[in-house]
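Here is the structure we will look at, set down as structure tokens.
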Amino acid sequence: MAITLVNPGGLLEIDVYRQVSIATGSKLVFIAGQVAWDAEGTTVGEGDLAAQVEQCYLNIGTALAAAGGSFDDVAKLTFYVVDWTPDKMPPLLEGISRAAAKLGTTPVPPATLLGVAALDVPGHLVEIEATAVLG
């Protein structure tokens with residue numbers, strides 16, 4: 001495995017999240033921000049943050065598979081959430097959990113969450129991009 005996820009001593013330890021990603025592979029994969037579109041371009045989970053996060057994760061999983069990888073190879077995620085407030089954390093984590101169960105992956109690699117005013121398409125509540133390293 002090209003990615004090792006760790007929580008070093010001295011940093012906050014969160015059960016489903018790791019603070020550091022150590023990459024040892026040689027193939028970098030950059031996945032464009034994924035929104036809650038299905039393969040036909042229909043928005044999944046209109047108005048439902050958890051459903052949209054789940055679909056974003058599934059789309060990233062599809063892109064990773066096309067590159068010969070999986071979520072085990074993800075070094076970093078970036079989340080863009082429309083009108084972010086802390087009360088949106090539970091549905092965001094629910095969407096991650098549901099997708100992780102389908103993809104057979106945990107924990108979340110290092111990530112950045114940014115609140116944004118809007119995304120490219122009205123109705124999209126979240127966009128997630130990924131960087132992976134394959135061995």
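The values are calculated or read from the model by the stated rules, or taken from the named source; none is laboratory data. This is a predicted model, so every value here is computed, not measured. Ideal geometry is used to build each Cβ from the backbone, glycine not excepted, and the neighbour counts take in all protein chains shown. We work out accessible area using only protein heavy atoms, side chains counted, and drop any ligands, DNA or RNA first. Shrake-Rupley method; radii C 1.70, N 1.55, O 1.52, S 1.80 Å.
Structure notes:
- The Stokes-Einstein estimate for region 33-73, based on a Kirkwood radius over Cα pairs and taken at 10 °C with 1.306 mPa s viscosity, is a diffusion coefficient of 152 µm²/s.
- Within region 36-108, GluC sites (Glu not before Pro) in DSSP loop having at most 15 other beta-carbon neighbours inside 10 Å: E40, E46
- Cα-based radius of gyration for region 94-135, normalised by 2.2 N^0.38 Å, reads 1.42.
- Taking 0.36 nm per residue of separation and subtracting the Cα-Cα distance, full extension of the segment from A118 to K102 would add 2.9 nm.
- Amide H within-cut-off set for R18, under 5 Å, with H built and near neighbours excluded: V108
- Based on Cα contacts under 8 Å between residues 6+ apart, the chain shows a relative contact order of 39 percent.
- Region 33-135 - percent of accessible surface contributed by carbon and sulfur, probe 1.4 Å: 57
- For the chain, built as a Gaussian network whose Cα springs stay under 10 Å, the top-fluctuating residue of G45, G104, G123: G104
- Taking each residue as 0.36 nm, the span from T24 to L93 lengthens on full extension beyond its C-alpha to C-alpha distance by 22.0 nm.
- Nearest-ten-degree value, helix 49-66 long axis tilted from longest Cα axis of the chain: 50
- Partner lysines whose Cα lies under 20 Å from the Cα of K102, excluding those fewer than 8 positions away in the same chain, are identified as K76.
- Degrees, to the nearest 10: 89-103 long Cα axis against longest axis of the chain: 60
- Hits among aspartates and glutamates - C-alpha to C-alpha of K88 under 13 Å, sequence gap 8 or more where chains match: D48
- Surface exposure of the chain, expressed per residue as accessible area with a 1.4 Å probe, stands at 51 Å².
- Centroid-to-centroid separation of region 104-135 and region 24-77 [C-alpha atoms, Å]: 8
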